[in-house]
Each structure stands twice: as C-alpha cells, then as structure tokens.
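K.L.:
Structure incoming, see below.
The values are calculated or read from the model by the stated rules, or taken from the named source; none is laboratory data. These numbers were taken from a predicted model, which means no experiment stands behind them. Cβ sites come from the backbone with ideal geometry, for glycine too, and all protein chains shown count toward neighbours. The accessibility values were calculated without ligands, DNA or RNA, using every heavy atom of the protein model including side chains. Shrake-Rupley method; radii C 1.70, N 1.55, O 1.52, S 1.80 Å.
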Amino acid sequence: MTASLHPMPLEQVVRRIREQVHVVAEPEGGITAMTGEPGGHRVLATLPPLYPEWLGDRSFNERHGTRFPYVAGEMANGIATVDLVVAMGKADMLGFFGAAGLSLPRVEQAIVMIRAALGSRTNWGVNLIHAPQHPEWEQGMADLLIREGVPTVSASAFMELTPPVVQLATSGLRLDPDGRIVRPRQVFAKVSRPEVAEKFLSPAPPDIVAMLCAQGRLTATEAELAAHVPVAEDLTVEADSGGHTDNRPLVSLLPRILSLAARVAERAGYQRLVRIGAAGGIGTPHSMAAAFAAGAAYVVTGSVNQTCVEAGVSAAAKQLLAQADIADVIMAPASDMFELGVKVQVLRRGTLFGNRANLLYELYRDFESLEAIPAPERDKLERTIFRASLAEIWDRTRRYWLDRDPTEVARADTEPKHRMALVFRWYLGRSSWWAIEGDDSRCADYQLWCGPAVGAFNDWVAGSFLADPAQRHAVQVARNLLEGAAVLTRAHQLRTYGVPVPSTAFDFAPRRLV
C-alpha cells in the first residue's frame, strides 16, 4: 500500500501504526510514505512499527509490571475507587487508590480488597497526601502502607519532606546479590515546583533519617543505603490540574524538571535515572502525545477519570462534569489547608461552590471570630450556605473533632478565629461528600475537583460513544487516549521526515478498543 503525495489518503497509512513505514524518494524527486517493500525507490528513512506500549520510558513498564506507561491518579475521598484501581491493574496499567480524607481502617479495607482482586500483581498503589494539620494521620498512613506491603505510593501536596514520606521511601532498602540497591516499594512524588522536586530527587535528609533510626523505624543498613538513592524514583510533574495545583503550564514545567533531574542524578552519581512523568491537563490524545514528545516517561490522568463509571462520585456529579468546557473551572479554598490560603481547582459550571467557598475565606481573612461578622452577613451565611445556625454547625463540628482530634476543640475554645476556621471547613469538607453521595438538595454546593482537561476531553468525545458518562469505562478511556497518542505521534514522525501530512491525520476519533 502506497500513499501518494497529491490527493493522498495518507491518514490510512498513519492509522496503520503497527506497520513498518518507509519514507522513499520518487524518481521525479517527490517523497512518499509507504508500507511493505519499497521496491525500486531510494529509501530515505525507515520508521519501525509504533505501539502505544512504546510511548514513554519502557523502564517504567519493566519496573512496575505494566504494559502501558499510563497511571490513573489518586482522586481523594475514595473517588479513585477500588474498582478503578483493579480495572487499571487488570488492563496492565497502574492506578492509585484515593486515600486522602479517609480513615485508616477504611484505607486498610481498600488495600485488602485490591490485593484480593489483583493477587501478586504490583501495578497498583495508594496515595499518601501531606497533612500538615494532622501529622499523626500522615504517620499512621505511612505505617499502614509499610505494614500492608503496598507496592507503590503516590506522595502528593508535599512542600517539604516529612518523616513519614522519608520512612516510606527508605524502609526496607537492601542490596541484591549483585550489589544493587533494591526497594520494596516505589514512591511517586507529585510536584509542581522545582524546589520541591529537588528534595524528592535527592537522597533523604540525614537528619530525618537519623531521627527515624532513633525511633526504631529504620535500621542502620537502611539508613546507610538511603544516602545512595533518591527519595522518589518516579517524579510526576503536575501542571494545571484539578484539585491542588499551581496552575503551571506543562510545556514550561516539564522541561524544567527534566533538566533538574539530570543535574541532580549526575551530582549524586545514581546507578539509575529517575523517571519523570506528566500530569495535569491531559485529557486528549493531543495533550498525551505532547507530554510524551516533551520527554515524559509516563502520564497520569485525573479529572477525566472522575467522569468514568468506576469513579466514586454520583451520577448527577458525573453529568455536571460531562457538560464542562475548558474554562468552566474556578480556584477555591482547600478544606485541608484552609487557614494557609491554599486553593484547589474545581468545577464552576452548574455549582455555586467556588463562589461560596471564596466568600468564606474572605470572611475568615477579614474577621477575628464568627461573632465579629456583621449580623446581615451571618444571617445570609446561615440561610444560603450552611442552612442552619452557625451555633448548630459548630456543635456538629465540635462533636466530630472530639472523636477525631480533641486538641482541635481545645484550641477552638481559646481561639475564636480557629473556631471560625473549623466551622467554615465544615462546609468545604461536606461539599465533596454531597457530590459523592449525590445529595439532590445540595447539588448547587457540589465540590468537584476538576481541571481544564475535562473540558478538552468532553469536546474530543462529543458525538462518540464516550460522550455518555455511562459508557466511560476507565480502561476504554485510557486505551483510546493511548492509541490516539500513538497515531498522532506517527503522523508527527512522518511530517518530520518531509512527508506533507494532511491535518486530518492529526484527528483520532474515539472507538471501542479491546
């Protein structure tokens, strides 16, 4: 089969990505892309077959027991469900369970279920989110993940290295018979700033390692080996994503971190290089192909999975997400870091959560207590946002913290501003669960972590079977993104060899893949 230059159904050649392609010179001086034998033409170049499995760094697949360099990210509150992780694992991809916001017993139950479904597979993991307000939860989570032998852990929202994340990265280090350092688990670090990336790219800080040794959490051998490996051997560069984000553009952030990783590896003399992945804004084959072309070893999707059948949010929430465009997002205060002014990216269209949450933060910033807020404003809060008196909300909040962490209540009793923060955080926390549970009476207050990738994805799948959330199975979405990225990569390869590739070759419509 030959594709001529002029009317040229070249897209047929591009879509046959599993065939070898020859770029040949015509006797008249033209250039043709063809499959099969080049015959009497002068071969200018040969492109070997291209498979979706070959996108990214193949060492990723070898290390994590996957077929594809594709990760389904850890949407909090269990939105990245056991079902999602199991589906990805069985499809030879990697998925992280969304442990943030859940109790330790709930996470332990999820680990047991995942292991029962996936057996000896190691292509799955659990999230550890930084919890500066509750360091005891973070430590308890690290202990749980080590005790249960979870093979991979995604560390997210960290600005500094903490003892729990260092413990996860260094506990169990040993030498194999050939003298190579072996890790019982892999830590993925999700970062959006070079200064944070460098901490994970470097060996663990000696002072933290020494403290862990003194506590009996590390052995002397583990501490010695920790000086020769990075904290994380998989580093996910998170660009403009849903949830916690710095809204950085991937085309600027990824090459910056790639360069940094190379410098740190050379300085430290590592035996093996750190793999740098890409996340944030990846919702189409075009964005995925661009990430791989820019040097990503693997890709991580998040927002698009929240619209899938396996995601742990209500059908009503999925419908809202399926209607979003790329600009239908807003930054709003984060429940877990409210007092610090940290924000998350959420869905704006169809919900008032973003505006209402921002109003709460403005009131927290401007007033020292609930009582200091002007009466008309307090009345409005009680009628429209809390739908109860502030005193009643504080009573509910107080009972919650007495069970979870009584020190929060003791502090609130002496610090009126902290009591106000806890009351406002009640709304921020409940809004996520209203979306998960599908509370119809609270649909205007749904908090749905969402980045521009959802809008781009919705536009790409419009008119296809994936337009319906009921048809959006996570594996089917992943296979289409990967297949499309391979097709687009192939088209770009042909273009770089001088073949005048038509713009239609850069289109890939979703299709049912098995």
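K.L.:
Restricting the first residue to segment 257-274 and requiring it to be within 11 Å of Pro203 (Cβ to Cβ), which pairs with a second residue that is in a loop (DSSP other than H, G, I, E, B) and open to solvent by 90 Å² or more (accessible area, probe 1.4 Å) meet a Cβ separation below 9 Å and a spacing of at least six or different chains?
P.N.:
Once the first residue is within 11 Å of Pro203 (Cβ to Cβ) and sits in segment 257-274, its partners that are in a loop (DSSP other than H, G, I, E, B) and open to solvent by 90 Å² or more (accessible area, probe 1.4 Å) give Ala268/His228; Gly269/His228; Tyr270/His228.
K.L.:
I'm checking my understanding of the structure. Among residues of segment 385-407 that are under 30 Å from Gln306 (Cα atoms), of a type outside the set (A, V, I, L, M, F, W, C) and assigned to a helix (DSSP H, G or I), which one is least open to solvent (accessible area, probe 1.4 Å)?
P.N.:
Filtering first and then ranking leaves Thr397.
K.L.:
Can you list the helices (runs of 4 or more DSSP H) found entirely within segment 408-504 that contain at least 1 residues being more than 30 Å from Gly95 (Cα to Cα) and among the small types (Gly, Ala, Ser)?
P.N.:
416-437
K.L.:
Which of (1) without any contact (Cβ under 8 Å) to a residue 40 or more places away in the chain; (2) within 25 Å of Glu339 (Cβ to Cβ) is the odd one out, the single condition Ala131 does not satisfy?
P.N.:
Ala131 satisfies every listed condition except (1).
K.L.:
Does at least one position in segment 346-369 carry a residue that is of a type in the set (Val, Ile, Thr) and either in contact (Cβ under 8 Å) with a residue 60 or more places away in the chain or assigned to a helix (DSSP H, G or I) (or both)?
P.N.:
Yes, segment 346-369 has at least one match.
K.L.:
Given the criterion touching a Leu at 6+ places or on another chain (Cβ under 9 Å) and either polar (S, T, N, Q) or surrounded by fewer than 20 Cβ atoms within 10 Å (Cβ to Cβ) (or both), identify the matching residue among Glu224, Glu233.
P.N.:
Matching residue, one of Glu224, Glu233: Glu224.
K.L.:
Restricting attention to segment 140-170, which residues are in a strand (DSSP E or B) and closer than 12 Å to Gly125 by Cα?
P.N.:
Thr152, Val153, Ser154, Ala155
K.L.:
Name every residue in segment 408-433 that is aromatic (Phe, Trp, Tyr), under 20 Å from Ala311 (Cβ atoms) and surrounded by 21 or more Cβ atoms within 10 Å (Cβ to Cβ), in order of residue number.
P.N.:
None - no residue of segment 408-433 is aromatic (Phe, Trp, Tyr), under 20 Å from Ala311 (Cβ atoms) and surrounded by 21 or more Cβ atoms within 10 Å (Cβ to Cβ), so the list stays empty.
K.L.:
Let me confirm something: among Gly30, Gly56, Gly65, which residue is open to solvent by 10 Å² or more (accessible area, probe 1.4 Å) and at pLDDT below 70?
P.N.:
Gly30
K.L.:
Also, I was wondering about something else. Which one of these does Ser252 not meet: (1) under 25 Å from Arg63 (Cα atoms); (2) surrounded by fewer than 22 Cβ atoms within 10 Å (Cβ to Cβ)?
P.N.:
It fails just one condition, (1).
K.L.:
I'm trying to understand the selection: among the residues of segment 482-508, which are open to solvent by 60 Å² or more (accessible area, probe 1.4 Å) and at pLDDT 90 or above?
P.N.:
Those that are open to solvent by 60 Å² or more (accessible area, probe 1.4 Å) and at pLDDT 90 or above: His492, Asp507.
K.L.:
Test each condition in (1) open to solvent by 60 Å² or more (accessible area, probe 1.4 Å); (2) modelled with pLDDT of 95 or more for Val454 and report the one that comes out false.
P.N.:
(1)
K.L.:
Would you point out which residue out of Leu340, Leu352, Leu360, Leu370 is crowded, with 22+ Cβ neighbours inside 10 Å, at negative phi and out of contact with any Gly (no Cβ under 7 Å at 6 or more places or on another chain)?
P.N.:
Leu360
K.L.:
Can you tell me which residue among Val166, Val126 is at pLDDT 95 or above, of a type outside the set (Asp, Glu) and within 22 Å of Ala72 (Cα to Cα)?
P.N.:
After ruling out the rest, the residue left standing is Val126.
K.L.:
Given Ala197, Ala210, Ala189, which one is part of a helix (DSSP H, G or I), closer than 30 Å to Val346 by Cα, in contact (Cβ under 8 Å) with a residue 12 or more places away in the chain and of a type in the set (A, V, I, L, M)?
P.N.:
After applying the criteria, what remains is Ala197.
K.L.:
Here is a further query. Going through Ala289, Ala315 one at a time, which residue ends up being more than 18 Å from Met420 (Cα to Cα) and surrounded by fewer than 16 Cβ atoms within 10 Å (Cβ to Cβ)?
P.N.:
That would be Ala315, the only listed residue that is more than 18 Å from Met420 (Cα to Cα) and surrounded by fewer than 16 Cβ atoms within 10 Å (Cβ to Cβ).
K.L.:
Still on this structure, I have one more. Within segment 253-279, which residues are of a type in the set (S, T, N, Q) and farther than 17 Å from Ala169 by Cα?
P.N.:
Ser259
K.L.:
So if I check each of Val150, Val196, Val191, Val182, which one is touching a strand residue (DSSP E or B) at 6+ places or on another chain (Cβ under 6 Å) and open to solvent by less than 10 Å² (accessible area, probe 1.4 Å)?
P.N.:
Val150
K.L.:
So is Gly101 at positive phi, open to solvent by 40 Å² or more (accessible area, probe 1.4 Å), in contact (Cβ under 8 Å) with a residue 40 or more places away in the chain and not acidic (Asp, Glu) or not?
P.N.:
yes
K.L.:
Shifting gears a bit: Being out of contact with any strand residue (DSSP E or B) (no Cβ under 9 Å at 6 or more places or on another chain) and among the basic types (Lys, Arg) is the filter here; which residues of segment 51-109 pass it?
P.N.:
Arg58, Arg67, Lys90, Arg106
K.L.:
Ok, one more. Does Arg479 qualify as being charged (D, E, K, R), open to solvent by less than 50 Å² (accessible area, probe 1.4 Å) and in contact with a helix residue (DSSP H, G or I) (Cβ under 6 Å, 6 or more places away or on another chain)?
P.N.:
Criteria not met by Arg479.
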